[in-house]
Amino acid sequence: MKVTYYLEVISSWCYWVEPTWAELQRRYAGRVDFEWKIALMRREDYPVSREQCDWFYRRSGLMMKSPFMLNSGWLEPWREGLFPAASYVAEAGKDFGLTGDELRLALAHAADRDGLKVASMDAAIKVAVKATTRLRQASARQELDGKKLRARAESAEVAARIQASTAEFFAHQIDQRPAFILTSEIGDKAVFSGMVKIEPLAATIESMLSDLAGYAAHKAHFGGPPKA
């Protein structure tokens, strides 16, 4: 089976759900395929001022019982809800082998915890290069070239991928991020939108894996279905 996670990099609720996403990958490693995709937020999904943003952050922080408050410093109201740079950089990172969570988590932390203005492509690239330098030093891989990353982040190909994954997100008749689409090879599908706690997701994964095991056991005993 597969779990697809739809996110916007600087979304606060996506920030809060990351421990759940990490635990799901750890718990079901080797049994479930995991993938994340960008689902860009609409202009009206963003706060219009730092005061409004802080109000949302206080609410979500209390709901999550967080010992810290998120930082609204990234918000530049003059952009009027256009903050896609960090998500474009995270998506572009896939073309340099950065298909895991590390790059987008660095960008999310820069915005939501440090208040850095990663809505600017310059700032987003700077954060990405700094983060991936640490990652590549640890793995003895070649350092990421910021100019190449920026060129890819601003490319038509990356834009097309993000437009397609955002359209996929809305095609599920949902509008809240984070969102998780759980599918299995026997045709089962579960949709979670706006959920951040692990219990309902894990329970559904367990149920779907159990059904898959049941189908496999039946096939082992009886083979495929009769043709007529």
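Summary of values
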read-out	value
Yes/no for Val32 being at pLDDT below 95 and aliphatic (A, V, I, L, M)	no
Residues that are surrounded by 13 or more Cβ atoms within 10 Å (Cβ to Cβ), more than 27 Å from Glu168 (Cα to Cα) and of a type in the set (D, E, K, R), drawn from region 59-85	Glu76
Wholly enclosed helices (runs of 4 or more DSSP H) of region 139-228 bearing at least 3 residues free of Cβ contacts under 8 Å to residues at least 12 places away in the same chain and surrounded by fewer than 15 Cβ atoms within 10 Å (Cβ to Cβ)	156-171, 198-222
Pair list, Cβ < 9 Å and 6+ apart or interchain, from region 59-72 residues that are touching a residue at least 60 places away in the same chain (Cβ under 8 Å) to residues that are assigned to a helix (DSSP H, G or I) and of a type outside the set (Val, Ile, Thr)	Met64/Trp16
Per-region count, region 38-63, residues in contact with a Phe, Trp or Tyr (Cβ under 9 Å, 6 or more places away or on another chain), under 29 Å from Thr99 (Cα atoms) and either assigned to a helix (DSSP H, G or I) or of a type in the set (S, T, N, Q) (or both)	2
Candidate set: region 94-119, residues that are in a helix (DSSP H, G or I), in contact with an Asp or Glu (Cβ under 9 Å, 6 or more places away or on another chain) and not charged (D, E, K, R); chosen: the one farthest from Trp36 (Cα to Cα)	Phe96
Test: Ser193 is touching a helix residue (DSSP H, G or I) at 6+ places or on another chain (Cβ under 7 Å) and either of a type in the set (Val, Ile, Thr) or over 18 Å from Glu23 (Cβ atoms) (or both)	no
Which numbered condition Ser66 misses (of (1) assigned to a loop (DSSP other than H, G, I, E, B); (2) more than 22 Å from the chain's Cα centre (by Cα))	(2)
Filtered residues of region 32-56 (kept if farther than 18 Å from Glu8 by Cβ, within 20 Å of the chain's Cα centre (by Cα) and not hydrophobic (A, V, I, L, M, F, W, C))	Asp33
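The values are calculated or read from the model by the stated rules, or taken from the named source; none is laboratory data. This structure is a prediction, so every number in the text was calculated from the model and none was measured. Cβ sites come from the backbone with ideal geometry, for glycine too, and all protein chains shown count toward neighbours.
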